[in-house]
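Shown next, in structure tokens, is the structure this report addresses.
The values are calculated or read from the model by the stated rules, or taken from the named source; none is laboratory data. Because the structure is predicted, anything quoted here is derived from the model rather than measured. Quick reminder, even Gly has a Cβ in these numbers, built from the backbone with ideal geometry, and neighbours come from all protein chains shown. Ligands, DNA and RNA are excluded from the accessible area calculation, which covers all protein heavy atoms including side chains. Shrake-Rupley method; radii C 1.70, N 1.55, O 1.52, S 1.80 Å.
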Amino acid sequence: MAIHRSHERFWGLVTVPILITILGIGPRAQKTASPRLQDFVGTYADTPGHPLEILNGDDFFAVQDEAKYQLTSKGVDAFASMYGPTLWFQRDAHGTVTGYEQNGKFHPRVSTSVTPESVELEWPRPKGQGPSNYRYSTPLDMHDGIAVGDIARSPLGLVTATSIGRAILDGTYKDVHSALLYEDGKLVLEEYFYGYTAQRPHQLRSATKSVVSALAGIAIDQRALSGVNQKVLPAMGYASYANPDPRKEAITLGDFLSMSSGMACDDHSSTSPGREEVLDDSADWVKATLDLPMINDPGKNGYYCSGGVSVVGRMTENAVHMPLADFAQKALFAPLGTARTNWTWNYDLTNADKEYSQIHLRPRDMLKLGILFEDGGRWHGRQVISEPWVKTSMAEHSHVDNVSYGYFWWRHLFKVEMPGGVQQVVIIAAQGNGGQKIYIAPQYHFVAVFTGGGYNADSTPPNTIMEKLILPRLMQASNGAQASSPGK
């Protein structure tokens, strides 16, 4: 099976490493009339350690590395994922599916069974637990530094919890794995679906970028890095670079953090020499990125460039003299009370890294990161990241894909329907492909975390949940508080 890596290879905001794009080349599968989807269910051999599973529940989909991708029919024995070419299955003389063919290589079906974890991706909760069965429960106090409370006592109200829970269960918002809401100092909603639990780390895809930004900020706080104006090339340690250009010598750390390096690196352009599909095959992603030609002055235009994240990560490693994952535990996660055994990060900036350097965190640990930034870099009174870095990293420094962008943080403009008309509100967000979200709204003392499995989907359910179900309640409560305050 070919691994389609377009749009976001390292950290996966739009597609990341594990989108299935199976291209059938060679003899077509034996034609049979109206094959039953159940014929294809099973496990297929792929690259070592990365089998492909196909399931048929309410949806027909494939799973690889815990990622779920919808498959649609393209003809008899022919299927494709949303962005992938058609795949063709082979059958034997008895009509039994034996595997699929790709690039002249046959990938055999090794079993008609699939893992229990993949089966759980078929439905939000076990069959029989539909929307009418949803009952809100106050989150458990896990003594992990996160206070808990009853949503009925918050401005969000029980109606918000019920609306979210039932809409996920009835399929209105598909493939949402978790939903956590933190309002005014307390976790008031914590729900898990599709077999996920509070203790199970989840892949973050492109939301990993915001973790890298936090670590660069801590390195600046520690004076290991001099600041966002520090020149990049002298800090990288390479003897020379391809496509020499005086503008390349001027690129700063801040230019890469704001995705405005000026290099020919645009994941969303099919012709960019720095797009992820090209850089993926490099033995050293950092060097391949820095070897790219310049197309404009640093700091001028923002383009979504995953390669730049590898540069910031390596620059931070060089400055603190330790692997980035080790620095993350020492300087970020340990102060937040997160044990090293509770998260994984295979940080390897080469084409040998099948995880593409994305971090896996438990949703509560994602929430801790959001709380940290909502509270100006403080965790229970301890300054983990300086408040100036928190503010500058969430401020606007560029526009990427026509969206306001900070230092590896998005600044989303939500348009919220209110009784007096549509109101606009900016929410800070770390986000990754599939629905991985950390939303921060300091103006409402609010943080939300979502994880999901809607990889490469046309829509992002958490955005809609925020805009339709959560923000109207928060904004109404805030407007009411302002109207009743003295002088109003």
- Query: When ligands, DNA and RNA are left out and all protein chains stay put, how many square angstrom of accessible area per residue does the chain have with a 1.4 Å probe?
  - Reply: 39
- Query: Between Y238 and T47, what is the FRET efficiency for a Förster distance of 45 Å, r being their Cβ-Cβ separation, to the nearest 0.05?
  - Reply: 0.90
- Item | By average C-beta atoms within 10 angstrom, highest first, the peptides 361-373, 207-219 | 207-219, 361-373
- Message: Please compute the Kirkwood hydrodynamic radius over the range 415-454, one decimal place, Å, based on all pairs of different Cα atoms.
- Response: 11.5
- Task: Pop out the ³J(HN,Hα) list for the range 245-255 in order, Karplus 6.51 cos²θ - 1.76 cosθ + 1.60 with θ = phi - 60°, rounded to Hz; leave Gly and Pro as x.
- Result: 7, x, 5, 5, 5, 8, 5, 10, 4, x, 4
- Item | Accessible surface of the chain, 1.4 Å probe, proportion on carbon and sulfur as whole % | 51
- Message: If I model a spin label at V159 and D59 as a point 7 Å from the Cα along the Cα→Cβ vector, what separation in nanometres do I get?
- Response: 3.0
- Treating only Lys and Arg (+1) and Asp and Glu (-1) as charged, each at its beta carbon, one finds that the range 94-205 has a dipole about its Cα centre, in Debye to the nearest 20, of 320
- Query: Under the rule of -39500 (n - 2.57) per DSSP H run of 4 or more residues, summed and divided by the residues of the chain, what mean residue ellipticity at 222 nm is obtained, to the nearest 500 deg cm²/dmol?
  - Reply: -6000 deg cm²/dmol
- Considering only Cα-Cα distances, which of the following residue pairs are longer than 25 Å: K300/K391; K391/K437; K68/K391; K415/K437; K231/K300; K391/K415? K68/K391
- Query: Rounded, prolate or oblate: which one fits the chain, using the alpha carbon gyration tensor with axes a ≥ b ≥ c (rounded when a/c is under 1.5, else prolate when a/b beats b/c, else oblate)?
  - Reply: oblate
- Would you work out the relative contact order for the chain, in percent, from Cα pairs under 8 angstrom that are 6 or more residues apart? 17
- Inter-part gap, Cα centre of the range 286-324 to Cα centre of the range 96-175, in whole angstrom, is 36
- Nearest-0.05 FRET efficiency for S270 and D297 at R0 = 25 Å, using Cβ-Cβ distance, is 0.55
- Message: Can you give me the long-range amide H partners of L189? Hydrogens built in the peptide plane at 1.01 Å from N, cutoff under 5 Å, separation of 5 or more residues or another chain.
- Response: L181
- Take the Cβ-Cβ distance between N479 and H399 as r, set R0 to 35 Å, and report the resulting FRET efficiency rounded to the nearest 0.05. 0.75
- Quick shape summary for the range 227-294, equivalent ellipsoid via Cα gyration tensor, semi-axes whole Å in descending order, reads 19, 14, 11
- Message: For q values of 0.26, 0.33, 0.36 Å⁻¹, compute log₁₀ I(q)/I(0) with the Debye formula on a Cα-only model of the range 147-186, without solvent.
- Response: -0.89, -1.10, -1.20
- Please sort by residue number the trypsin sites (Lys or Arg not before Pro) in the range 106-161 whose DSSP state is loop and whose Cβ has at most 12 other Cβ atoms within 10 Å. K127, R135
- Message: Just to be sure I understand the model, the point goes 7 Å from the Cα along the line to the Cβ. What's the resulting A147 to K468 distance in nm?
- Response: 3.3
- Item | Interchain or long-range residues, amide H under 5 Å from F60's placed H | L71
